[in-house]
Amino acid sequence: MEIFLVNLIAATLRVATPLLLAAIGETSAERAGVLNLGIEGTMFFGAFTGFFVADVTGSLWAGLLAAILSGVLAGLLMAFLSVTLGVNQHVSGLGITLLLSGLSLFAFRLKYGGRSTPPSIEPFGQLSPFAGVPILGTLFEQYLLTYVTFLVIVPLAWWLLYRTSFGLKVRAVGENPEAADAAGVNVFRVRYITLALGGGLMGMGGAFLSIAQLGAFTHGIISGRGWVALALVIFGNWDPLKVMGGALIFGGTFALQLRLQAMGLQLPIPYETFLALPYLVTIVALVIAGRNASYPAALLKPYHRE
Amino acid sequence: MSFTSTKLSARLGLKIEKTGAPVWMRTLIPVIALLLTFILTSGLIIWGQANPLRAYYYFLIAPLSSQVSALEVLVKSTPLILAGVAVAFAFSAGYYNIGAEGQLYAGAVAAAWLGTVLGGLPPVMAIPLMLLGGFIAGALWALAPALLRVKLAVDEVVTTLLLNSVILFIISALLNGPWRDPVSGWPQSPEIALSTQLPKLIARSRLHLGFVVAVVSVAVLWFVLSRTSFGLKMRAVGLGREAAHFAGVDVGRTVLIAALVSGGIAGIAGVCEVAGIQYHLIEELSPGYGYTGIIIATLGTLNALGVAAAGLFFGLIDTGTQTLSHALGVPIYLGEVTQATMLLVTLGLFLLQNYRIRRA
């Protein structure tokens, strides 16, 4: 039982990493008032470019960098459409998701189409600072990216959002862009920056799957993780720390379901129940958040300067 | 103004003002959009070692040059038009239903079930019941987000989107559990009864009754929006809830009905795919028709004929990309990229057409 639990917690951290990266990215965009439905496609694109560049250059780090950059580009495209042009956020976001999944699959087929075995690379290894120590050894045997996500990115996002003047601007732009503009904040620039940063994190989340966890790129590599991340943002009330809590809970249910399935355990309910749970819980959270002040008031509203 | 910074235009000594678009410009938009899309995607085609002009011949013209493939365009358009009409219904009333994909699957579940229990009925009774069942199932799947929107002011974009994933898990549970095909053992529902399968319109083609249903849905959308008082209310709510409310429109009721009809039509799209093409419920029933429906409704400017035209055009792209991929070896995903590029380019053009630049 103890081993089961330790393994479960370790797996939870791994499963939660890509979700959390993307969710923090989405938080960044939404806090400034833009719902980025390009999240699913951006993760997919990041997973592809990460894998592709790592494969071509032979350097995993180059792959990671490429994934982040491609995510930034996707974020900038979203910014151009939703901020500069003021297009419907959900339509442009879904358009970006469609575009980036199409592009990734197109390029993947072109580059690797003729092969009989799916291409793979040697992925990032896991760090094991407590190798050999019982419990701690297993718990801390994680990818560097997992460490970075939980120990650097989440606290940094929280600090930026709540403790810096930039964060104040972001929140002001997301709540009341007119007032922020009147106070001298450049609404357009803030939204561009948050979408670009957010896109970079989404791309990184996608790349975690392809160049750390799997060492491969497959059609189903993201399979709805972007939508889960979107749900996490709402579940976590647009607060990076709470989003992290949500990612751990959802990662935990997912990891548990995987383990139970792997053990061949016959459950009285289908295992899909665990998978559907995050979505249903989020809808409930949305109902509650509907009356909550932290819902970015300007979300979905393009800002026009008169 | 919204598409460039005030400073920039001031520096250039230009003024951008909002205008109504002249008619010639509106008709020109699809042409310009297609041209820009061609330019933007030809880089990919060249990368795929094909000549873009030849590729676009296979893409857009070759499918229409033979009867077999032209009919295939109509087959491919059927779910796209239905999904586009479904989305247009909701969007017209300002209800952003992103859940057509899930509602489509709900209709498909109903069709897979009814198709096994209605086998004793003659087709003339069974098929209308199938369509009705799909409509009800789609509307039911759309009910919760619509009620949350109307009663509790919960934004529908995220709730409808999340429910798309939920129904896929339900279907996965069904197909890997009680509905697993006893004959093949595959995760697909048992084949539906012959009398519940949509009849073919033309022998030895895949074109089925669903296409007629899609055409009818276009007519219904046109009729409701332009010829009924309810359509007027929908458009009023879509233009602005508060103004509509003060004009005496029951906003909640209008949104609720539009949302349910939208879900219902998406459900019918699911019935058409199960009862017209697959005869089984499978997990990969839809390659994202519900999402593409959002694009089609947007490109069609929520107008019935526009939606039909966009749906047919996307059906052409879906067919053409297969022809293209066979003929020139360009990956089939060019279709998706083209559709998305077209959307993004057109969205930009829609906005630009409302402005003109002149000296300040």
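The values are calculated or read from the model by the stated rules, or taken from the named source; none is laboratory data. Just so we're clear, the structure is a prediction, and the values are computed from it rather than from any experiment. For neighbour counting, all protein chains shown are included, and Cβ atoms are generated from backbone atoms with ideal geometry for every residue, glycine included.
Just one of the listed residues (A:Ile222, A:Ile283, A:Ile211, A:Ile288) is assigned to a helix (DSSP H, G or I), buried (at least 20 other Cβ atoms within 10 Å of the Cβ) and at pLDDT below 95, namely A:Ile283. Among the residues making up region B:121-163, those that are free of Cβ contacts under 8 Å to residues at least 12 places away in the same chain and part of a loop (DSSP other than H, G, I, E, B) are B:Ala153, B:Val154, B:Asp155. Scanning region A:78-96 for residues that are facing chain B (nearest Cβ under 8 Å), part of a helix (DSSP H, G or I) and touching a residue at least 12 places away in the same chain (Cβ under 8 Å) turns up A:Leu81, A:Thr84, A:His90, A:Ser92, A:Leu94, A:Gly95, A:Ile96.
Has region B:101-118 got any residue that is within 14 Å of chain A (Cβ to nearest Cβ) and surrounded by fewer than 23 Cβ atoms within 10 Å (Cβ to Cβ)? No, that holds for no residue. If you go through region A:19-62 and pick out every residue that is out of contact with any Gly (no Cβ under 8 Å at 6 or more places or on another chain) and assigned to a loop (DSSP other than H, G, I, E, B), you end up with 3. Do you know which of the residues in region B:323-332 that are out of contact with any Ser or Thr (no Cβ under 7 Å at 6 or more places or on another chain) and without any contact (Cβ under 8 Å) to a residue 12 or more places away in the chain is nearest to A:Phe108 (Cα to Cα)? If we take residues in region B:323-332 being out of contact with any Ser or Thr (no Cβ under 7 Å at 6 or more places or on another chain) and without any contact (Cβ under 8 Å) to a residue 12 or more places away in the chain, then B:Ser325 is nearest to A:Phe108 (Cα to Cα). The set of residues in region A:172-192 that are in contact (Cβ under 8 Å) with a residue 60 or more places away in the chain, within 17 Å of A:Tyr162 (Cβ to Cβ) and crowded, with 20+ Cβ neighbours inside 10 Å comprises A:Val173, A:Gly174, A:Val190. Criterion applied to B:Thr254, B:Thr298 was being over 26 Å from B:Lys76 (Cβ atoms) and of a type in the set (Ser, Thr, Tyr), and the one residue passing it is B:Thr254. Tell me yes or no: at least one residue of region A:194-205 is under 26 Å from A:Arg31 (Cβ atoms), within 14 Å of chain B (Cβ to nearest Cβ) and surrounded by 18 or more Cβ atoms within 10 Å (Cβ to Cβ). No, every residue in region A:194-205 fails to be under 26 Å from A:Arg31 (Cβ atoms), within 14 Å of chain B (Cβ to nearest Cβ) and surrounded by 18 or more Cβ atoms within 10 Å (Cβ to Cβ).
With (1) more than 8 Å from chain A (Cβ to nearest Cβ); (2) at pLDDT below 95 as the list, and B:Ala308 as the residue in question, which single condition is left unmet? Just one mismatch for B:Ala308, condition (2). Remark: B:Leu131 falls outside the filter, which requires a residue to be within 21 Å of B:Gly99 (Cα to Cα), within 18 Å of the chain's Cα centre (by Cα), modelled with pLDDT of 95 or more and at the interface with chain A (Cβ under 9 Å from one of its Cβ atoms).
Per-residue answers, yes or no, for (1) in a helix (DSSP H, G or I); (2) modelled with pLDDT of 90 or more; (3) small (Gly, Ala, Ser):
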| site | (1), (2), (3) |
| --- | --- |
| B:Trp186 | no, no, no |
| B:Ser195 | yes, yes, yes |
| B:Ser205 | no, no, yes |
| B:Val215 | yes, yes, no |
| B:Val220 | yes, yes, no |
| B:Thr254 | yes, yes, no |
| B:Ala258 | yes, yes, yes |
